[in-house]
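Have a look at the structure below before the remarks.
Any read-out appearing in this document is the output of simple, stated calculations on the displayed coordinates, not a laboratory observation. All figures in this text were calculated on a predicted structure; none of them were measured in a lab. Cβ sites come from the backbone with ideal geometry, for glycine too, and all protein chains shown count toward neighbours.
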Amino acid sequence: MLYQNRFNFGKALLLGGVCTAILTGCNQSAQDTSTTDTAATGDTATEMKTVAITAIVEHPALDDVRKGVIDELNEAGFKDGENLTVNFQSAQGNTATAGQIAKQFVADAPDVIVAIATPSAQSVAASTSSIPLVFSAVTDPVAAKLVPKLDGSGTNVTGASDALPYEPQIDLMRQIIPSLKNVGYVYSPGEVNSTIILQNLKEKLTPLGINVLEAPAQRSNDIAMAARSLEGKVDMIYTSTDNNVVSAYESLYQIAKESKIPLIASDTSSVERGAVAALGVDYYELGRETGKIVVRILNGEKAGAIPVYTPQALNLYVSPKHAEEEGITLSQAVIDKAKEVVE
């Protein structure tokens with residue numbers, strides 16, 4: 001009996017070992033099949049990506065850029081909360097804060113950093129030479145030392161510029177005010193975009209016998225005072241995409257109404273906020289183009305191999321109401337050319 005029990009126990013062990021081997025083989029086979037399936041389908045569709053977005057300040061034009069980027073990512077299949085994490089931080093107009101945000105983003109090591117406006121882009125560029133950086137709404141990325149050239153930097157940086165040709169801007173000024181002799185320019189001396197535009201305006205307008213009177217404003221709170229200093233001296237005030245100026249456009253509008261100085265802008269969203277007219281890029285579409293660059297990088301392209309995008313189409317927005325408030329009447333010819341008439 002003892003022998004029989006030992007025999008039966010031995011058979012049980014042998015059978016158990018065989019079954020274990022069979023089960024192990026089955027499990028291994030299932031794992032191999034699973035691995036093969038994953039390799040066949042690829043897991044990039046479900047792989048989480050991270051895009052960090054920063055802007056020097058929040059105002060309508062820059063907000064439209066951010067929205068355009070996110071919408072383009074969504075359309076390309078990168079959906080926030082599903083296979084994408086988007087982290088947005090605004091510097092609230094403070095360059096020191098922009099630097100802190102840049103360092104934090106670099107420490108977080110996202111797949112791509114999007115920097116909207118020159119100060120934020122410069123802060124990120126100074127903080128990393130490896131993480132892909134895509135700038136947007138930067139007027140002159142070469143002068144801002146973000147890229148050495150526009151047709152592919154060979155570095156970790158590329159992006160979308162909002163540079164505008166000056167001739168159409170000047171033509172618009174002269175169509176609105178045919179007797180134009182003096183142009184006021186309110187700007188932030190610490191913003192590279194704005195100082196470049198000032199220099200180019202002088203180069204383009206001086207040969208035409210038109211003077212440029214500059215009114216620097218270091219902070220958004222100084223914009224109204226700077227505009228007031230131009231009262232009685234200029235025929236109009238031209239505003240660029242200077243972030244401090246755009247952020248405080250309502251205060252500029254109040255001075256323009258009181259002083260009867262027409263505001264002509266290069267940011268179309270400024271027309272709703274007080275400008276008589278603006279000829280500029282569509283910042284939402286600029287954001288979509290920026291988003292296309294981000295998608296290319298997320299799909300494996302090198303940032304330095306992608307040329308900087310510069311928009312070709314300009315849109316004219318006008319406001320006959322603001323023109324009347326600021327002491328002029330828009331001609332029907334100008335109104336007829338507008339893509340949008342703001343009442």
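Observations
- Put a plus charge on the Cβ of each Lys and Arg, a minus charge on the Cβ of each Asp and Glu, and nothing anywhere else: the dipole of the chain about its Cα centre is then about 820 debye.
- Loop-located GluC sites (Glu not before Pro) in segment 228-260 whose Cβ has at most 15 other Cβ within 10 Å (DSSP): GLU231
- Against the chain, whose longest principal axis comes from its Cα atoms, helix 118-127 is set at around 40 degrees.
- Ordered by the count of other Cβ atoms within 10 Å of each Cβ, fewest first, VAL183, VAL65 give VAL183, VAL65.
- Annotation: amide H of THR50 within the under-5 Å range of THR85, ASP111, VAL112, sequence separation 5 or more or interchain, hydrogens built in the peptide plane.
- Kirkwood Rh and Cα Rg combined as Rg/Rh, segment 80-202: 1.07
- Table column - 3J(HN,Hα) (Hz), segment 151-162, Karplus curve with 6.51, -1.76, 1.60, x for Gly and Pro: 9, x, 7, x, 10, 8, 10, 8, x, 10, 9, 10
- Around the amide H of VAL186, modelled in the peptide plane, lie the amide H atoms of ALA215, TYR238, all under 5 Å away and 5 or more residues distant in sequence or on another chain.
- Note, ³J(HN,Hα) from phi for segment 321-328, Karplus 6.51, -1.76, 1.60, rounded to Hz, x at Gly and Pro: 5, 5, 4, 5, 4, 9, x, 9
- For LYS260, the lysines whose Cα comes closer than 22 Å to its Cα, not counting residues fewer than 8 places off in the same chain, are LYS181, LYS233, LYS321.
- More than 19 Å apart - percent of Cα-Cα pairs taken over segment 234-331: 49 percent
- Three principal axis extents describe the C-alpha atoms of the chain; from largest down they are 122, 38, 34 Å.
- Eligible aspartates and glutamates near LYS79 by straight Cα distance, threshold 14 Å, same-chain separation 8 or greater: GLU47, ASP71
- Rounded to the nearest 500, the helix-only mean residue ellipticity at 222 nm of the chain stands at -14500 deg cm²/dmol, with each DSSP H run of n ≥ 4 adding -39,500 (n - 2.57).
- Cross-link pairs beyond the 31 Å C-alpha cut-off, checked among LYS302/LYS339; LYS202/LYS337; LYS292/LYS339; LYS202/LYS292; LYS67/LYS302; LYS145/LYS337: LYS302/LYS339; LYS202/LYS292; LYS145/LYS337
- About the Cα centre, charge dipole magnitude for segment 78-157 (Lys/Arg +1, Asp/Glu -1 at Cβ), debye: 220 debye
- Residue-normalised convex hull volume from the C-alpha trace of segment 124-172: 78 Å³ per residue.
- J(HN,Hα) series, segment 245-254, from Karplus relation 6.51 cos²θ - 1.76 cosθ + 1.60, nearest Hz, glycine and proline x: 5, 5, 5, 10, 5, 4, 5, 5, 4, 4
- When the Gaussian network model of the chain links Cα atoms closer than 10 Å, the mean-square fluctuations of SER161, SER130, SER270 top out at SER130.
- Remark: segment 38-140 projects, on average over all directions, an area of 7.2 nm² (convex hull of Cα atoms).
- Over segment 177-225, volume per residue of the alpha carbon convex hull, in Å³: 75 Å³
- All Cα-Cα distances of segment 193-286, cut into 5 Å bins from zero to the largest, leave 2, 14, 24, 27, 21, 9, 3, 0 percent in each bin in turn.
- All-pairs alpha carbon distance profile, segment 140-232, 10 Å steps from 0, percent: 14, 36, 33, 14, 3
- The convex hull of the Cα atoms of segment 244-294, projected and averaged over all directions, covers 3.9 nm².
- Relative to the dominant Cα principal axis of the chain, helix 60-75 is inclined by about 30°.
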